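Comments concern the structure below.
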Amino acid sequence: GIKIVTIGGGSSYTPELVEGLIKRYEELPVSELWLVDIEAGKEKLQIVGNLAKRMVKKAGVPIDIHLTLDRKAALKDADFVTTQFRVGLLEARAKDERIPLKYNVIGQETNGPGGLFKGLRTIPVILEIIKDMEELCPDAWLVNFTNPAGMVTEAVLRYTNHKKVVGLCNVPIGIRMGVAQMLGVEAERVHIDFAGLNHMVFGLDVYLDGVPIKDEVIRLMNDPNNSVTMKNIANIGWEPEFLQALNAIPCPYHRYYYKTREMLVDEQEKAATVGTRAEVVKKLEDELFKLYKDPNLDIKPPQLEQRGGAYYSDAACNLISSIYNDKRDIQPVNIRNNGAISSIEDDSAVELNCIITKEGPKPIAVGDLPVAVRGLVQQIKSFERVAAEAAVTGDVNKAVLALAINPLVGSDKLAKEIVTEMLEAHKEYLPQF
Ligand code: NAD
Ligand code: G6P
Ligand code: MN
């Protein structure tokens, strides 16, 4: 059978992954699922792990669930390694979200200063995991969900020799579901040509049953009640003039770039009232774990859909199954560009539609991105690359440079001040600096 190892197994999303594996057991016969966490996540791992055990038992599916804090023991002979960990836990995320607001800069988990610092904390850990994988399961695929997923994939491609890495995100699935809902059709009938970077991806074309329908979708998106978003991102509608001229489907995260001022006001209001997203998520998580503890619960509770990562397991399980079964279907993933987008370096990570084969995802050539979005995508790629270099080298100046490149900051002086404060706030998790 197949052995899957999930690092950050104590995550509240784990029941979703388990549900995905149960649903696909016939085509994807997983015999072992190892959930790995660290001392700080021990209690969560126990609670969620016991729920996972009840779920497979109830489903009558023979997947052995192992819970461990010993990563190396888990990784031995793994076929697939999935990662969903959060270095510094939600407390660190709350700092990523609050500190930039003091400087009137967007405070977000994967964008701007928050994205930079989440990357600086995460990249050293992912490189350690790769080292272990090279020793214990060199042929395994790394399926990375850990954010910032684009920057993390970039770092693995650039700073390790492990080429079997795929970065995943639920944003493309979310857009497809949102578009299907607007059209009033089943999501399976909708196809979108996705290209760009993680949390910076565009739908360049949309088809319903193979017939082009982008213009209609853009018209529908002009109605603010229809706008495609996710639970964690304020649903502020697009200006119809902008959207029509853009002639592409933006992702929900694009609001941080094309509505920076409005999003900042929204974040500051929330920070002063309900709390930042990390603070809201903390409460959601406490409720979820209360439910998970109930010994009578043996399915994924619907409350999990309040999290921004809802349906992420479909992305993970579909990918793993298509690699295992050589399905050659099309899925949007983060992978080495290999020339598919001509204005991005061949050896950089991009998020785009790929054909998923036994040898991994094969990017579908896009040619170039439309001129309207090309510059922003390249700028974010520069940010990700310089940030990944800062994470690996521990060079403070590179961290300042990365942030000055980021369009959400707009000042080298501000970049320096924010980096200085955030390095101090996160120093426990930044041993490289
Ligand atoms: P979480 O705070 O619940 O953390 C998950 C687990 O990681 C915790 O149990 C924690 O103890 C553990 N952990 C922390 N450091 C670790 C380490 N060094 N090794 C192993 N485990 C460690 O987080 P969450 O809300 O479940 O999210 C997990 C990660 O997945 C985050 O990075 C989040 O941004 C990301 N995420 C990505 C997507 C996507 O679209 N790519 C979707 C959802 C979540
Ligand atoms: C979206 C993104 C994920 C992100 C999540 C945050 O799904 O694709 O990358 O981690 O939202 O959700 P949360 O509930 O943690 O705010
Ligand atoms: Mn994502």
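The values are calculated or read from the model by the stated rules, or taken from the named source; none is laboratory data. The model shown is predicted, which means the values in this text are computed figures rather than measured ones. Glycine also receives a Cβ, built like all others from the backbone with ideal geometry; neighbour counts cover every protein chain displayed.
Checked against the criterion of being surrounded by 19 or more Cβ atoms within 10 Å (Cβ to Cβ) and of a type in the set (F, W, Y), region 238-249 contains one or more residues that satisfy it.
Looking across region 192-216 at every residue that is surrounded by 16 or more Cβ atoms within 10 Å (Cβ to Cβ) and of a type in the set (V, I, T), the one that is nearest to ligand 1 (Cβ to nearest atom) is identified as V201. Note on region 178-234: among residues that are within 15 Å of ligand 3 (Cβ to nearest atom) and more than 25 Å from G107 (Cα to Cα), the one that is modelled with the lowest pLDDT is G178.
Per-residue answers, yes or no, for (1) free of Cβ contacts under 8 Å to residues at least 24 places away in the same chain; (2) over 21 Å from the mean Cα position of the chain (by Cα):
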{"residue": "S11", "(1), (2)": "no, no"}
{"residue": "L17", "(1), (2)": "no, no"}
{"residue": "I22", "(1), (2)": "no, yes"}
{"residue": "E26", "(1), (2)": "yes, yes"}
{"residue": "D37", "(1), (2)": "no, no"}
{"residue": "K76", "(1), (2)": "no, yes"}
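Given (1) under 22 Å from the mean Cα position of the chain (by Cα); (2) in a helix (DSSP H, G or I), where does A195 come up short, assuming only one miss? Every condition holds for A195 apart from (2). Residues that are over 25 Å from the mean Cα position of the chain (by Cα) and either closer than 15 Å to R121 by Cβ or crowded, with 17+ Cβ neighbours inside 10 Å (or both) within region 397-415 comprise just one, L414.
If only residues of region 1-45 that are among the small types (G, A, S) and within 16 Å of ligand 3 (Cβ to nearest atom) are counted, the one that is surrounded by the most Cβ atoms within 10 Å (Cβ to Cβ) is S11. You will find that of G119, G112, the residue that is on the phi > 0 side of the Ramachandran plot, within 16 Å of ligand 3 (Cβ to nearest atom) and crowded, with 22+ Cβ neighbours inside 10 Å is G112 and no other. Among residues that are more than 22 Å from Q378 (Cα to Cα) and more than 10 Å from ligand 1 (Cβ to nearest atom), L157 is not included.
Sub-7 Å Cβ pairs linking a first residue in region 329-358 that is under 21 Å from R385 (Cβ atoms) to a second residue that is hydroxyl-bearing (S, T, Y) and at pLDDT 95 or above, at least 6 apart or interchain, are N334/T153; N337/S348; A349/T153, ordered by first then second residue. Remark: pairs (first residue in region 53-67, closer than 13 Å to L21 by Cβ; second residue among the small types (G, A, S); Cβ separation under 8 Å; 6+ apart in sequence or on different chains) = P62/S31; I63/S31; D64/S31; I65/G49; I65/A52.
The condition (being surrounded by fewer than 18 Cβ atoms within 10 Å (Cβ to Cβ) and β-branched (V, I, T)) is satisfied by just one residue among V48, V61, V87: V61.
From the residues in region 1-32 that are in contact with a Ser or Thr (Cβ under 6 Å, 6 or more places away or on another chain) and of a type in the set (D, E), which one is farthest from ligand 2 (Cβ to nearest atom)? Only one residue tops the list, namely E27. Of the residues making up region 119-151, those that are in contact with a Leu (Cβ under 9 Å, 6 or more places away or on another chain), hydrophobic (A, V, I, L, M, F, W, C) and over 13 Å from R86 (Cβ atoms) number 10. Here G210 does not qualify as in contact with a Cys (Cβ under 8 Å, 6 or more places away or on another chain) and more than 13 Å from ligand 2 (Cβ to nearest atom).
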